[in-house]
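J.: One structure follows; several queries about it will come next.
Values in this text are rule-based calculations from the coordinates and carry no lab data. All of these numbers come straight from a predicted model, not from anything done at the bench. Note that each Cβ is placed from the backbone with ideal geometry, even for glycine, and that neighbours are counted across all protein chains shown.
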Amino acid sequence: MLRALASSAQPKQALGRLLRMNSTGAKARGTLADKVALVTASTEGIGLAIARRLAQDGAHVVVSSRKQANVDRAVAELQTENLSVSGLVCHVGKAEDRQRLINAALERHGGIDILVSNAAVNPFFGSTLDATEEVWDKIFDINVKAAALLIKLVVPHMEKRGGGSIVIVSSIAAYSPFPGLGPYNVSKTALLGLTHTLASELGPRNIRINALAPGLIRTKFSSALWQDKTMGDKLMETMRIRRMGEPTDCSGIVSFLCSPDADYITGETVVVAGGAPSRL
């Protein structure tokens, strides 16, 4: 960096500014400075880690959850870290809640640059063919349809800002199905299809969309998998990195995908799974 500044048209002035910044302890602006980000299901686990990292990198983040108490707790926690975070209740399966989330971002920050679609449910465990129609409907309504409809709402506002970035949180289950989670696995595979499809449609509008596929991450949502020692050990055997992932293992990747450093990346899925098999 010093060499680049020294070769500029005004090397002494540029170098002086750099030295003054270093001597005063001033920090460079984050890679997401002044961007506005919406993160669904972001009051715990992977969603909370993503919200924290986006805010640490300079974004104004709107977190959401189905329960007010969870929103209040997450916002208070992040604000004590001097991060620009606000929040509200949002059940992504409800059209009025999705619109309210959009409106909140517009009212508070004037626009939307980033969407991280993280909300998901799994009310079923067992043989896939035993899943009822109600189970299939609920899983696809929340995990797939709600994500698509929320993206539909944010796109016009991203266009007004000149573009944007969307990250859909899928799962390693899209490639290597988790036992007993058939409908959930299928919904996560569908999200990869949604990512590929929208990448072609949104690219000309300067909106990038990518997916994150976490593996076995230590969260409340995945506890049914890792708290069962037999199942947890079996899953661990598939990993090249022999440890369970943490939510923070996912957050930096998402921040990167939303940053200018990823301006030439769209339609891709980044697997964060300790080297577990990830091929269809």
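J.: Taking the alpha-carbon centroid of each part, what is the distance from the range 30-98 to the range 114-132 in angstrom?
T.: 22 Å
J.: Starting from the exponent 0.38 and prefactor 2.2 Å, build the expected Rg for the range 166-223 from its residue count and divide its actual Cα Rg by it.
T.: 1.25
J.: Tell me the net charge near LEU88. Cut-off is 15 Å between Cβ atoms, LEU88 excluded, with +1 for each Lys or Arg and -1 for each Asp or Glu.
T.: Cβ neighbours under 15 Å give a net charge of +3.
J.: Under a plain spin-label model, where a point goes 7 Å from the Cα along Cα-to-Cβ, how far apart in nm are SER200 and ASP263?
T.: In this crude label model, SER200 to ASP263 measures out at 2.6 nm.
J.: If amide H atoms are built 1.01 Å from N in the plane of the peptide, which residues on other chains or at least 5 residues away come under 5 Å of the amide H of LEU181?
T.: The list, which skips near neighbours in sequence, is GLY126.
J.: Now for a separate question. About its Cα centre, how strong a charge dipole does the range 31-272 have in debye, to the nearest 20, once Lys and Arg get +1 and Asp and Glu get -1 at the Cβ?
T.: My answer is approximately 100 debye.
J.: Using Cα-Cα distances under 8 Å and only pairs 6 or more residues apart, what relative contact order does the range 43-94 have, in percent?
T.: Relative contact order comes out at 40 percent.
J.: Loop-only check: which GluC sites (Glu not before Pro) in the range 65-154 are DSSP coil with at most 10 other Cβ within 10 angstrom?
T.: Answer in residue order: GLU81.
J.: Same structure, new question: Quick one: which residues, 5+ away or cross-chain, put their amide H under 5 Å from the amide H of LEU212? H built at 1.01 Å from N.
T.: Amide H neighbours of LEU212, under 5 Å, 5+ apart: ILE168, VAL169, SER170, VAL270.
J.: Given THR197, ILE166, PRO177, which one lies farthest toward the positive end of the charge dipole of the range 113-209, if we put +1 on the Cβ of every Lys and Arg and -1 on the Cβ of every Asp and Glu?
T.: Looking along the dipole axis, the top candidate is ILE166.
J.: Computed FRET efficiency, Cβ-Cβ of ARG243 and ASP34, R0 41 Å: what is it to the nearest 0.05?
T.: Efficiency at R0 = 41 Å is approximately 0.70.
J.: Sticking with this one: Can you flag which of LYS94/LYS160; LYS67/LYS160; LYS152/LYS188; LYS138/LYS160 are past 27 Å Cα-Cα?
T.: Those over the limit are LYS67/LYS160; LYS138/LYS160.
J.: Could you give the length gained by full extension between ASP130 and ALA76, i.e. 0.36 nm per residue of separation minus their alpha carbon distance, to one decimal place?
T.: Gain on stretching ASP130 to ALA76: 15.2 nm.
J.: Oh, and also: I need the Kirkwood Rh of the range 86-232: take the reciprocal of the average 1/r across all distinct C-alpha pairs and report it in angstrom.
T.: By the Kirkwood definition, the hydrodynamic radius is 16.3 Å.
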